[in-house]
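Enquirer: The structure follows.
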Amino acid sequence: IRGAPALPPQNNGDERAQIEMWKKYIAWEKNNPMRSEDRNMTKKRVMYAYEQALLTWGHHPDIWYEAALFLERTATEAHEKGDTIRAQEWRDEVAGLYEKATIGLLKNNLMLHFAYADYEESRMKTEQCHNIYKNLLSNVSDPTLVYIQYMKFSRRAEGVGKARGVFKKAREDSRSRYHVFVAGALMEYYCTKAPEIAVRIFELGLKKFPKDIQYILKYVNHLSHQNDDNNTRVLFERVLSTLEKDKSWPIWSEFLRFESEVGDLSSLLKVEKRRFAAFENVSMLLFS
């Protein structure tokens, strides 16, 4: 409905029907119904359709993203046909569109910010990428994924040293969840080929999240995939000695699975016996 105020997504049938009609209209304009050979005219008509749609559906990131992709493809086509001046002009328009979305209605939307940062990275606008990530970090309540993406960008654009700087900020940020430690450790393992640094990072994370079952399982999984059986067993024993019994069931189960794959029958039976002893209520075993 033209003229209706922009509202956050309602996810109802009427909304989906309206958006579908707008997308059909935009697709119709993309097919160049006027059969114009003027690329600029076709581009203007399509972008006008997007702009009209966004007046009502500005809270929908997919529409912003589709508009940006259309502009980017159009700029690429212009460049391939030798129209470098117009191509550069349209590429700048792509950045302007992303900026308009991310400082307005969707200033907390991760997907659009990441798409914006990736786009500017492709244009080697490194400083602008830093600004995008920093602005997003100041607006979100949970910065975990932002830090992870920021680390990946920094490593690609400026090297592991810069990525480590981002990781340092991430682990010092009280809002960050355990995932930043996993990402930092795996970056060291895969990108710098430094398994000892990866383990140190996992240990740092364990000090901060000593009772987080999912983090512990990530650490266990990393060690076990390095064929480091002894240290894997040591880790199981360490965490089981500190976890409350009612939270330790997943760790016991993983310990049993680990021994079933790499241990002998004796070690498997010992862990199974200890797990039974740890849980007096047999129903936990029967119905878990």
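Enquirer: Past 31 Å, Cα to Cα: identify those pairs from LYS168/LYS218; LYS44/LYS152; LYS162/LYS247; LYS30/LYS152; LYS107/LYS247, in the order given. Let's see the in-between values first.
Expert: Details: LYS168/LYS218 20 Å; LYS44/LYS152 35 Å; LYS162/LYS247 37 Å; LYS30/LYS152 35 Å; LYS107/LYS247 38 Å.
As for pairs spanning more than 31 Å Cα to Cα, those are LYS44/LYS152; LYS162/LYS247; LYS30/LYS152; LYS107/LYS247.
Enquirer: So if I take the centroid of the Cα atoms in the stretch 103-157 and the same for the stretch 249-281, what is the distance between those two points in Å?
Expert: 44 Å
Enquirer: Let me ask another. Direction-averaged shadow area of the convex hull around the Cα atoms of the chain, nm²?
Expert: Details: hull surface 84.1 nm².
Value for the chain: 21.0 nm².
Enquirer: Please name which of TRP90, ALA115, HIS179 has its Cα lying farthest along the dipole of the stretch 87-188 towards the positive end, using unit charges on Cβ (Lys, Arg +1; Asp, Glu -1) and the Cα centre as origin.
Expert: Positive-most Cα among the choices belongs to HIS179.
Enquirer: Follow-up. Cross-link candidates for LYS81: which lysines have Cα within less than 16 Å, leaving aside residues fewer than 8 places away along the same chain?
Expert: Within reach: LYS43.
Enquirer: Aspartates and glutamates within cross-link reach of LYS24: Cα-Cα under 18 Å, excluding same-chain residues under 8 positions apart?
Expert: ASP14, GLU15, GLU51, ASP62, GLU66
Enquirer: Using a 1.4 angstrom probe on the protein heavy atoms only, line up LEU243, LEU269, LEU186 by accessible area, largest first.
Expert: Details: LEU243 15, LEU269 90, LEU186 60 Å².
Largest to smallest exposure gives the sequence LEU269, LEU186, LEU243.
Enquirer: Between ALA17, ALA117, ALA53, where does the largest GNM mean-square fluctuation fall for the chain, given springs only between Cα atoms within less than 10 Å?
Expert: So, out of ALA17, ALA117, ALA53, the one fluctuating most is ALA17.
Enquirer: For n ≥ 4 DSSP H runs only, could you compute -39500 (n - 2.57) per run for the chain, divide by its residues and tell me the 222 nm figure to the nearest 500? Can you show the working numbers first?
Expert: Working: 15 runs with 218 residues, N = 288.
So the helix-based figure for the chain works out to -24500 deg cm²/dmol.
Enquirer: Expressed as a whole percentage, what fraction of the accessible surface of the stretch 16-140 belongs to carbon and sulfur atoms when a 1.4 Å probe is rolled over the protein heavy atoms? Please list the in-between numbers first.
Expert: Working: 3500 of 6770 Å².
In the stretch 16-140, the share of accessible area belonging to carbon and sulfur is 52 percent.
Enquirer: Where does the stretch 106-162 land on the Kirkwood hydrodynamic radius, alpha-carbon pairs, in angstrom? Don't skip to the end; give the middle numbers.
Expert: On the way: mean 1/r = 0.0892 Å⁻¹.
Roughly 11.2 Å, rounded to one decimal.
Enquirer: Using a 1.4 Å probe, how large is the accessible area of ASP118, given in Å² and rounded to the nearest 10?
Expert: The accessible area of ASP118 comes to roughly 70 Å².
Enquirer: So, in Å, what gap is there between the alpha-carbon centers of the stretch 178-241 and the stretch 62-84?
Expert: Rounded to whole Å, the Cα centres lie 43 Å apart.
Enquirer: Residue-wise, which Karplus ³J(HN,Hα) couplings in Hz belong to the stretch 159-176, taking 6.51 cos²θ - 1.76 cosθ + 1.60, θ = phi - 60°, and x for glycine or proline?
Expert: x, 5, x, 5, 5, 5, x, 5, 4, 4, 5, 5, 6, 8, 7, 5, 7, 5
The values are calculated or read from the model by the stated rules, or taken from the named source; none is laboratory data. Quick caveat: nothing in here was measured; it's all calculated off a predicted structure. Note that we place each Cβ from the backbone using ideal geometry, even for glycine, and neighbour counts take in every protein chain shown. Just the protein is used for accessible areas: all its heavy atoms, side chains included, with ligands, DNA and RNA removed. Shrake-Rupley method; radii C 1.70, N 1.55, O 1.52, S 1.80 Å.
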